[in-house]
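The structure appears below as structure tokens.
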Amino acid sequence: MSSEHKNAAGWRGIIQGYREHLAVGPETPIVSLHEGNTPLIRVPNFVEAIGGAFDLYLKYEGLNPTASFKDRGMTMAVTKAKARGVQVIACASTGNTSASAAAYAARAKMKCVVLIPEGKIARGKLAQALMYGATTLQMPGNFDDALTIVRELCADGAVEVVNSINPHRIEGQKTAAFEICDALGDAPDMHVLPVGNAGNITAYWKGYREYADAGESDTLPRMMGFQAAGAAPFVEDAFIDDPETIASAIRIGKPASWQPAKAALQFSAGAIDKVTDEEILTAYQMITAQEGIFVEPASAAALAGIIKLQNANKITEGSIVVATMTGHGLKDPDNAVEHAKVEATTVEPNLDAVRAAIGL
Ligand SMILES: *Cc1c(COP(=O)(O)O)cnc(C)c1O
């Protein structure tokens, strides 16, 4: 990658930045909000707190334009839809895909239809879909039910499905692996991420492999995925009818990328395990209070996974571990306010009351 693509001031999104690794031509009408180029942040306080002796870096995808990693795939999916002359895109979503689709559709002057499970998406994500102007349809049931309808809606090709069953999504998302290799000089030893539909774990593995094949990196990481215990079809090795977890972004019972994710695990000597909601909430509070990095509960599932691996002595001393923080904490303000360790205290509006409240 040429140095101009590494210059934050001049960064123009993942398609411009990694054009040679993506199927776009000089005439392709690129739809971008300058996604990607997110920070890779070392988190020594967290590692120390869990008694680890390894280097952990967080790929902070919450700093994308709509505050989740979904933007990497969406710039590709919407660009390709635009190139094909499509007027309408649609998706089923636990929230972040709909936020991203709605934003990129607005940018591309397309119509966007989002199907979301009623009352089950985080408040910030709903606010985004509405503000970007998507036709927002809420329905009883869960994500899996909504995806079934979207597949049917898009069957004749007039409406483009932009869920991760759209292969362009995976193509865009693989660029996060490129950025990590560029930042570290090579792939990490282990890559940990939360798993819902398993599109992202599939995409990262594809990215790491392609970068190695292109001679841009030398090694491949072990891919480690974590699901919420109440929504862990990979761990149970069976689809789940009523997935349940506080981490709404991974409340998925029938993962769309079942086969490719299994292949990624097999070829990388990786695994998918589960963490409880309680473990997710602990990690959620820890990473915010100890490192100043606010992520949504689904992202914290990866950190809960790292704690679980560390407690089982499964992280080699001195190794380099990367975890993807898939979405920003502000996406889900209700869970944050409910589960923060600290509460707001009401005081009288005078200096004495403030001094007394802070113990001075
Ligand atoms: C979409 C999403 C996930 C799950 O990614 P998959 O590709 O469906 O496995 C995890 N965390 C957040 C915040 C998400 O938006």
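The values are calculated or read from the model by the stated rules, or taken from the named source; none is laboratory data. Given the structure is predicted, the values throughout are model-derived calculations rather than measurements. Methodologically, a virtual Cβ is constructed for each residue, glycine included, from the backbone with ideal geometry; neighbour enumeration extends over all protein chains shown.
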Q: Give the stretch 64-76 a look and list any residue that's of a type in the set (A, V, I, L, M, F, W, C) and away from the ligand (no atom under 13 Å from the Cβ), or say none.
A: Met76
Q: Determine whether Ala269 is surrounded by fewer than 20 Cβ atoms within 10 Å (Cβ to Cβ), farther than 18 Å from Ile180 by Cβ, more than 16 Å from the ligand (Cβ to nearest atom) and modelled with pLDDT under 95.
A: yes
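Give me the residue from the stretch 295-322 that is more than 17 Å from Asp277 (Cβ to Cβ) and assigned to a helix (DSSP H, G or I) and, out of that set, nearest to the ligand (Cβ to nearest atom).
The first filter runs over the stretch 295-322 and keeps only residues more than 17 Å from Asp277 (Cβ to Cβ), leaving 309-322.
After this cut, where a residue has to be assigned to a helix (DSSP H, G or I) as well, the list is 309-311.
Details: Leu309: 18, Gln310: 21, Asn311: 23 Å.
Here the answer is Leu309.
Conditions (1) aromatic (Phe, Trp, Tyr); (2) farther than 19 Å from Leu22 by Cβ; (3) at pLDDT 95 or above, marked per residue:
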site	(1), (2), (3)
Asp144	no, yes, no
Leu153	no, yes, no
Ser164	no, no, no
Gly172	no, no, yes
Thr175	no, no, yes
Asp182	no, no, yes
Q: Output the residue which, of all residues in the stretch 39-63 that are charged (D, E, K, R) and closer than 27 Å to Ala99 by Cβ, is nearest to the ligand (Cβ to nearest atom).
A: Glu61
Q.
Taking the criterion of being closer than 25 Å to Val322 by Cβ, acidic (Asp, Glu) and more than 16 Å from the ligand (Cβ to nearest atom), would at least one residue in the stretch 165-176 satisfy it?
A. no
**Q.** Residue in the stretch 242-261 that is free of Cβ contacts under 8 Å to residues at least 60 places away in the same chain, more than 24 Å from Asp55 (Cα to Cα) and either over 17 Å from the mean Cα position of the chain (by Cα) or surrounded by fewer than 24 Cβ atoms within 10 Å (Cβ to Cβ) (or both) present
**A.** yes
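Considering each residue of the stretch 114-129, count those that are at negative phi and out of contact with any helix residue (DSSP H, G or I) (no Cβ under 8 Å at 6 or more places or on another chain), and give that number. Before the answer, list the steps.
The initial filter retains those residues of the stretch 114-129 that are at negative phi, namely 114-118, 120-129.
Remaining after also requiring out of contact with any helix residue (DSSP H, G or I) (no Cβ under 8 Å at 6 or more places or on another chain): 118, 126-127.
The qualifying residues number 3.
Would you pick out the residues in the stretch 326-360 that are part of a loop (DSSP other than H, G, I, E, B) and exposed (fewer than 10 other Cβ atoms within 10 Å of the Cβ)?
Passing the criteria: Lys341, Val342, Glu343, Ala344, Thr345, Thr346, Pro349, Asn350, Gly359, Leu360.
Kindly indicate whether Ala249 is within 15 Å of the ligand (Cβ to nearest atom) and in a helix (DSSP H, G or I).
Numbers: within 15 Å of the ligand (Cβ to nearest atom): yes; in a helix (DSSP H, G or I): yes.
Taking the combined requirement at face value, the residue satisfies it.
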Q | Test: Thr75 is hydroxyl-bearing (Ser, Thr, Tyr), closer than 22 Å to Gly157 by Cβ and surrounded by fewer than 19 Cβ atoms within 10 Å (Cβ to Cβ) | A | no
Q. Which one of the conditions (1) modelled with pLDDT of 95 or more; (2) part of a helix (DSSP H, G or I); (3) of a type in the set (Gly, Ala, Ser); (4) buried (at least 20 other Cβ atoms within 10 Å of the Cβ) does Ala264 fail to meet, given that it meets all the rest?
A. (1)
Q) Would you pick out the residues in the stretch 191-221 that are more than 16 Å from the ligand (Cβ to nearest atom) and crowded, with 24+ Cβ neighbours inside 10 Å? A) Tyr211, Pro221
Q: Being crowded, with 22+ Cβ neighbours inside 10 Å, in contact with a Gly (Cβ under 8 Å, 6 or more places away or on another chain) and touching a residue at least 12 places away in the same chain (Cβ under 8 Å) narrows it down to one of Ala146, Ala177, so name that one.
A: Ala177
